[in-house]
Each structure stands twice: as structure tokens, then as C-alpha cells.
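A quick write-up on the structure given underneath.
The values are calculated or read from the model by the stated rules, or taken from the named source; none is laboratory data. Everything quoted here is computed from the prediction, not taken from an experiment. In this analysis, Cβ positions are derived from the backbone assuming ideal geometry, glycine residues included, and neighbour counts consider all displayed protein chains.
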Amino acid sequence: MFNVVLLSPKIPQNTGSIGRSCVCTGSALHVIGPTPIDFGEKRLRRAGMDYWQALAFSFYPDLEQFLAQHPITDRHLFLTTRSDRIYFEASIEPGDFLWFGSEDSGLPDALLQRYGDQTRTLPMKAGFRSLNLASAATAVLYEGVRQNYSAARFR
């Protein structure tokens, strides 16, 4: 349904949980390195449970290799705490790419500046930094499901 892009994720349990959400929504997971995660690691697979083998998963060693296969278009949405546009206002369509940065630094400033019109944020109470990466990715995925829901797609 959608393409979730994780740029340099650091925490195996988050990546595993996001992979599980991707399977449950019929979405693909694209991980772009560098990342310290070993994709055979028990913590990653435990978080993804027995869903991991059903995941449409791709790994790219760096951003350039990802972009060679998936050039950025207007169907790429960059999720960040550094936007004033709420993700509820975005039209999320099947095939869209939903980008999330690493747990410690988010998406690079260069991407956010270049694609500023395509940035979105999750609303949060003032004074709090951010949601857990897996929680944020799942919230955005399910907003896309809500916008495109068809019971036949989930049977």
C-alpha cells in the first residue's frame, strides 16, 4: 500500500515494530544506511515477531543508492518535528513514500529544506520533543489506511 522509508535507524526494536506495522498494512519497508542494526538480530525479529518473513523489505547502503531506484517526487512525504504542517492535512495515496529519520537526529536538514513543502509533523502537546519512531510511523501509516480504506484490501 505505502512505502515506509527509514533513514539511518538506530534502534532494532523500533525497526522491527515498524516492519510489523508495514506487514499489517500491506506496506513496504525501505531502510537506508548507515545503520548499526544487524537485520538478523534477535531484538529486531522479536519486535517484528513472526511477521518479519512476510515483510516487503529493502536495504540500501546509502541515500544515493535509494534515490537511484526511487527518485524523490511529490509523492514523498517527510515526517519531522521541524514542520508546522500537520500530517492529517496531507493526501496519502497508495504507493507514496513516507520518510522518517533516525531516532536521535531525525531527517537531515538538507532534505527538509529542499522538500519543505512536503514536510509534515504529528501534533504534540507543547514542551515535548517527539514520539517514539515506531509510534509515529504507525500513526502515519494508519492515517494513510484511513484515507484509502477498502475492506476488500484487508481480507
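Step by step: first the residues of the stretch 1-20, then only those that are among the polar types (S, T, N, Q), more than 10 Å from the chain's Cα centre (by Cα) and at pLDDT below 95, then the one that is nearest to VAL145 (Cα to Cα). Which residue is that? Talk me through it step by step, then tell me what you get.
Step one: of the stretch 1-20, the residues among the polar types (S, T, N, Q) are 3, 8, 13-15, 17.
Retained after the next criterion (residues that are more than 10 Å from the chain's Cα centre (by Cα)): 8, 13-14, 17.
Retained after the next criterion (residues that are at pLDDT below 95): 13-14, 17.
Details: GLN13: 23, ASN14: 20, SER17: 17 Å.
Step by step, filter the stretch 1-20, then rank; the result is SER17.
Consider the stretch 113-134 and keep the residues that are among the small types (Gly, Ala, Ser) and assigned to a helix (DSSP H, G or I). The one that is nearest to SER8 (Cα to Cα) is ALA134. In the stretch 45-81, of all residues being part of a helix (DSSP H, G or I), of a type in the set (A, V, I, L, M) and at pLDDT 95 or above, the one that is surrounded by the fewest Cβ atoms within 10 Å (Cβ to Cβ) corresponds to ALA68.
Just checking, which of SER130, SER102 is under 23 Å from ILE37 (Cα atoms) and under 13 Å from the mean Cα position of the chain (by Cα)? First the steps, then the outcome.
Details: SER130 fails: under 13 Å from the mean Cα position of the chain (by Cα).
Among SER130, SER102, only SER102 is under 23 Å from ILE37 (Cα atoms) and under 13 Å from the mean Cα position of the chain (by Cα).
Would you confirm whether any residue within the stretch 60-81 is within 22 Å of PRO9 (Cα to Cα), of a type in the set (D, E, K, R) and in contact with a helix residue (DSSP H, G or I) (Cβ under 6 Å, 6 or more places away or on another chain)? So far as the stretch 60-81 goes, no, none of its residues is within 22 Å of PRO9 (Cα to Cα), of a type in the set (D, E, K, R) and in contact with a helix residue (DSSP H, G or I) (Cβ under 6 Å, 6 or more places away or on another chain). Out of ALA137, ALA110, which single residue is assigned to a helix (DSSP H, G or I) and within 24 Å of GLY26 (Cα to Cα)? From the options ALA137, ALA110, the qualifying one is ALA137.
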